[in-house]
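Here the structure comes first, spelled out in structure tokens, and everything after it is commentary.
Each reported figure results from applying straightforward, stated rules to the coordinates on display, with no laboratory input. This one's a predicted model, so the numbers in the text were calculated from it and none came from an experiment. Glycine also receives a Cβ, built like all others from the backbone with ideal geometry; neighbour counts cover every protein chain displayed.
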Amino acid sequence: MAEYEVTGVRWQMGEGLTMEQRTRMAEEFLRTLKVGTPMILSAEPDNPHDNEAIAVYIDYTRRVGYIKHECCAEVKGLLNGDGQCDAVVSGNDGHVTFYVEIPDAPEASVSPVGATRKLPDCPLPQGLGLAFSDEERALRVVAPRLANVAVSADTASTLLQMAERYMPLSRLSLCCEDDVWRDRVLKQLRKACRLTLPKPVKERLELLRDELHATVGDFHCAHEHWQQRLFDRQLDVLRQKADGEDGLFAKYEKYRELQPDTIERLARWFNEMPHVELRNYREHAALARRLSYIGVTRRELYEVYAAILLLDRYGADVVGLYNNKVGTATQLPKELDTERAREAFAKAMEKQYMVALEDGKYRWIGTDDKGKTAELAYFLGRVYNYKHTVNGNVGEDFPEERLNELFGVTRLYSSLTQVYDAKKRQRWRSLIDALFE
């Protein structure tokens, strides 16, 4: 049987709940979820956040989570013509994640990690790149070997020895290769923990499994800003190396006479990124989140690091280098342009709840990076003085049609009334209210 992780359980617990309430309800649900419980997997090609999403249902109608994004391509090949297949619960992590197995599905072979390029070609010339760290090179040796061990009682000691070597390397970077290896190694450890083994070996494997599971959770938790902290830490290490006698800066000093427009081309490289969050190289929080989400390779990540280091050091010397307010403009159409709107839009962009696009429109990112239309509607209601009553709006006329066009959404007014009609006040409302204090 092939086993797959189910995530997002907390978000299926109901609307209007705090994270603490969701977590508690998810933990209670998993305590009642027995191994062998039938589940149904169902593709959601119309999912607004991920058209590759595969939902997990219990009792036919209750959605309880989603197959982990990284596994969806593999699972998709196991669905029938209706985009569905049967599965059974195989276990859980004791917290908010559980696992399912698909009966009769072959075990997926572990192939070398590869990824298509997500960023435009970097203009850095040969010789101006950054070398991978020794730890990252070691990771490329131990991770594949660990992921390919045939797990059994006979190989448990070998697997444990490899896992001990792997764990200090498991939090190195945001690149897709490391993300894939974390998932594959965690799967190996979970298999090993089911075996009948000597107590000391099993206890140590269980500790490593729990530690790695926590690491995987950190990389997918936007609220703790783990991605930005890791991004900044690695950048600081590389900056120190770049200052060395034969480091990046010394190499650039020798090279700049041959190609003096290198810095300008690096600035344009960021400005032409396919994702708005990547276009301002100074906004490390948004940059780290997006690079992790789209799954850049290690080489692409190091290209970004090298470009940032060079722009930080030499960018100020270039006239018209880069407008660091890309994505933070507050130019509004005349019929929407008020002092209150300009101030609120600027604050929302400072908090990275929204960004301005180059075509004069805006994109709502949201308080949790999910771009909920309900949040946008509530924010715009506050901006344009919507006053909710049981009989409708008693404030100013809500310019729905123009705002729908400005943000590329539909039915803002309907979303706005649903926010106020909800039985419980949404937690995120306090974050948006703070913009108007």
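What share of Cα pairs, in percent, lie more than 16 angstrom apart in the range 134-221?
47
Under the rule of at least 5 residues apart or a separate chain, name every residue whose amide H is placed under 5 Å from the amide H of Met39.
It is Ala87, Val88, Val89, by chain and number.
Would you mind pulling out the separation of the Cα centroids of the range 42-91 and the range 147-182, in Å?
27
So for the range 2-102, Kirkwood radius off the Cα pairs, Stokes-Einstein at 37 °C and 0.692 mPa s: how many µm² s⁻¹?
In µm²/s, the coefficient is 241.
Give me Val88, Val383 ranked fewest to most by other Cβ atoms within 10 Å of their Cβ, as a rough exposure proxy. Please list the in-between numbers first.
Details: Val88 16, Val383 23.
In order of increasing Cβ crowding within 10 Å: Val88, Val383.
Mind giving me the FRET efficiency for Ala434 and Lys361? R0 is 22 Å, r the Cβ-Cβ distance, nearest 0.05 is fine.
Once rounded, the FRET efficiency stands at 0.30.
Can you classify the range 229-280 as rounded, prolate or oblate using the Cα gyration tensor, where a ≥ b ≥ c are the square roots of its eigenvalues, rounded means a/c under 1.5, and otherwise it's prolate if a/b beats b/c and oblate if not?
Note, shape of the range 229-280 comes out oblate.
Given Cα pairs under 8 Å that are at least 6 residues apart, what percent is the relative contact order of the range 324-437? Could the numbers behind the result be given before it?
Values: 122 pairs, mean separation 25.0, N = 114.
Across the range 324-437, relative contact order equals 22 percent.
Taking the Cα centre of the range 224-317 as the origin and placing charges on Cβ (Lys, Arg +1; Asp, Glu -1), which of Ala307, Leu287, Phe249 is farthest toward the positive end of the dipole?
Leu287
What percentage of all Cα-Cα pairs in the chain are separated by more than 37 Å?
Values: 34522 of 95266 pairs.
Result: 36 percent of Cα pairs exceed 37 Å.
At 7 Å along the Cα-to-beta-carbon direction for both Asp261 and Ala150, put a label point, then send me their distance in nm to one decimal.
5.9
How big is the dipole moment of the range 327-389 about its Cα centre under a simple scheme where the beta carbon of each Lys and Arg is +1, that of each Asp and Glu is -1, and everything else is neutral? Debye, nearest 20, please.
The calculation lands at about 220 debye.
May I ask you to derive the FRET efficiency for Glu343 and Gln126 from their Cβ-Cβ distance with R0 = 56 Å, giving the value to the nearest 0.05? All intermediate terms of the calculation are to be shown ahead of the outcome.
Working: r = 48 Å, r/R0 = 0.86.
Using R0 = 56 Å, I get an efficiency of 0.70.
Please give the FRET efficiency for Gln418 paired with Glu211, using the beta carbon to beta carbon distance and R0 = 51 Å, rounded to the nearest 0.05. Provide the component values of the computation, followed by the final result.
On the way: r = 42 Å, r/R0 = 0.82.
With a Förster radius of 51 Å, E is 0.75.
Let me know the shape class of the range 224-317, please: from the alpha-carbon gyration tensor, a ≥ b ≥ c as square roots of the eigenvalues, rounded when a/c is under 1.5, otherwise prolate if a/b is greater than b/c, or oblate.
Oblate.
Given a cut-off of under 8 Å on Cα pairs at least six residues apart, what relative contact order in percent is computed for the range 2-102?
Computed over the range 2-102, the figure is 39 percent.
At what distance in nm do the modelled label points of Asp232 and Val35 sit from each other, each positioned 7 Å from its Cα along Cα→Cβ?
4.3
Only Cα pairs under 8 Å and at least 6 apart count here; give the relative contact order of the chain as a rounded whole percent.
It rounds to 13 percent for the chain.
Name the most mobile residue of Ala53, Ala138, Ala307, meaning the one with the largest mean-square fluctuation, in a Gaussian network model of the chain with Cα contacts below 10 Å.
Ala138
Per the helix-only calculation at 222 nm, which mean residue ellipticity applies to the chain, given -39500 (n - 2.57) for every DSSP H run of n ≥ 4 and division by its residues, nearest 500 deg cm²/dmol?
Computed ellipticity for the chain at 222 nm equals -13500 deg cm²/dmol.
How much length, in nm to one decimal, is gained on full extension between Glu405 and Asn271, taken as 0.36 nm per residue of separation minus their Cα-Cα distance?
Computed gain between Glu405 and Asn271 is 45.8 nm.
Over 23 Å between C-alpha atoms is what I'm after, so list which of Lys68/Lys118; Lys372/Lys423; Lys351/Lys423; Lys34/Lys191; Lys351/Lys372 land there.
Those over the limit are Lys351/Lys423.
Which Cα, out of Gln21, Tyr57, Gln84, lies furthest along the positive dipole direction of the range 2-102 (beta carbon charges, K/R +1, D/E -1)?
Gln21
Using a cut-off of 11 Å between beta-carbons, work out the net charge of the residues near Arg209 (Lys and Arg +1, Asp and Glu -1, Arg209 not included).
Its environment carries a net charge of +1.
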